[in-house]
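Report on one structure; see the data block that follows.
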Amino acid sequence: MDRPQIRLEFAPELHLFVSAPRRAGRSELRTDGTSTLGHVVESLGVPLTEVGALLVDGRPVPDAHVPTDGEEITVAAVARPQPVGEAPRFLLDVHLGTLARRLRLLGIDAAYENPDIGDAALAARSAAERRVMLSRDRGLLRRRELFAGAYVYSHRPAEQLRDVLSRFAPPLVPWSRCTTCNGTLSAVAKTTVREQLHDGTERSYDAFAQCGDCGQAYWRGAHHARLEAIVTDAVREFGGAPR
């Protein structure tokens, strides 16, 4: 019996995942007759985390659909903003440390694993804590046990941040999280953190915050203008209230 032949068309946003011959227009493919559409799409290089609607001859189907001969399939990109909960929480792999710190700067719950604990442990933590896994590793994003996942499209931290904010629209509460450990910050008196301050800092600043988890002290020091620019740009484009 001949294997079913289907025709596939990928959304432009997904073209970077598929080989060049399949990017332009509809391409034909023979399946084994038993694999699900989700498996077929992933076998062509597209993580299902990046897939929105799957249409067969114009009607939506689940990724468990088994393609039959002659079907015309459209693979759409995930919709933005993507709903994953009222206030999405994230988990980032070892390669996304700068993005993790910038998300925390904006008050977004962003757990970060360094050193690398391995794909299985990352996926298990995503599931246990209901965190969206952020990664540039397609293999990791294909793990079925993930709560949710998203491919980070750029190598550049500024573009990575915009990508995540536009995709998930998390609430922004700048200056409320520790950029070191992801704990929450509270205003404290100078005397509380005096042992962490150099003489010049103690003389020059009066407003301080401290992480409730790791004890790290924060004040508006030499790098504040650069961080403030990141916060201001994010708030201007994606909402929230700077503090």
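The values are calculated or read from the model by the stated rules, or taken from the named source; none is laboratory data. Being a predicted model, the structure only gives us computed values, none of them experimental. Cβ: placed from backbone, ideal geometry, glycine included. Neighbour counts: every protein chain shown. Heavy atoms of the whole protein, side chains included, go into the accessibility calculation; ligands, DNA and RNA do not. Shrake-Rupley method; radii C 1.70, N 1.55, O 1.52, S 1.80 Å.
Would you check which residues across the stretch 65-85 are more than 11 Å from Leu54 (Cα to Cα) and of a type in the set (A, V, I, L, M) and list them?
Val66, Ala79, Val84 - these are the residues of the stretch 65-85 that are more than 11 Å from Leu54 (Cα to Cα) and of a type in the set (A, V, I, L, M).
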Hits in the stretch 55-67 (condition: out of contact with any helix residue (DSSP H, G or I) (no Cβ under 6 Å at 6 or more places or on another chain) and open to solvent by less than 50 Å² (accessible area, probe 1.4 Å)):
Val56, Val61
Confirm whether Asp2 is under 28 Å from Ala120 (Cα atoms), surrounded by fewer than 16 Cβ atoms within 10 Å (Cβ to Cβ) and not polar (S, T, N, Q).
no
Can you tell me which residue in the stretch 167-192 is nearest to the chain's Cα centre (by Cα), limited to those that are farther than 16 Å from Leu91 by Cα and open to solvent by less than 50 Å² (accessible area, probe 1.4 Å)?
Leu172
Filter the stretch 68-107 for residues that are small (Gly, Ala, Ser) and in contact with a helix residue (DSSP H, G or I) (Cβ under 7 Å, 6 or more places away or on another chain) and give the result.
Ala77
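Working only within the stretch 145-175, note down all residues that are out of contact with any Lys or Arg (no Cβ under 7 Å at 6 or more places or on another chain) and in a loop (DSSP other than H, G, I, E, B).
If the condition is that a residue be out of contact with any Lys or Arg (no Cβ under 7 Å at 6 or more places or on another chain) and in a loop (DSSP other than H, G, I, E, B), then Glu145, Leu146, Tyr153, Ser154, His155, Arg156, Ala169, Pro170, Pro171, Leu172, Val173 are the ones that fit.
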Hey, among Asp206, Asp163, which residue is free of Cβ contacts under 8 Å to residues at least 40 places away in the same chain, touching a strand residue (DSSP E or B) at 6+ places or on another chain (Cβ under 9 Å) and either open to solvent by 30 Å² or more (accessible area, probe 1.4 Å) or within 27 Å of Val94 (Cα to Cα) (or both)?
Asp163
Name the single residue, out of those in the stretch 130-144 being assigned to a strand (DSSP E or B) and not small (Gly, Ala, Ser), that is surrounded by the most Cβ atoms within 10 Å (Cβ to Cβ).
Leu134
Name the pairs whose Cβ atoms lie under 6 Å apart, with the first residue in the stretch 69-82 and in contact (Cβ under 8 Å) with a residue 24 or more places away in the chain, the second part of a loop (DSSP other than H, G, I, E, B) and open to solvent by less than 30 Å² (accessible area, probe 1.4 Å), and 6 or more positions between them or separate chains?
Asp69/Pro4; Ala76/Ala11; Ala77/Ala11
From the list Glu50, Glu71, Glu13, which residue is surrounded by 14 or more Cβ atoms within 10 Å (Cβ to Cβ) and modelled with pLDDT under 95?
Glu13
What pairs can you find where one residue is in the stretch 96-112 and touching a residue at least 40 places away in the same chain (Cβ under 8 Å) and closer than 20 Å to Ser186 by Cβ, the other is among the hydroxyl-bearing types (Ser, Thr, Tyr) and crowded, with 23+ Cβ neighbours inside 10 Å, and their Cβ atoms are less than 6 Å apart, with a gap of 6+ or different chains?
none
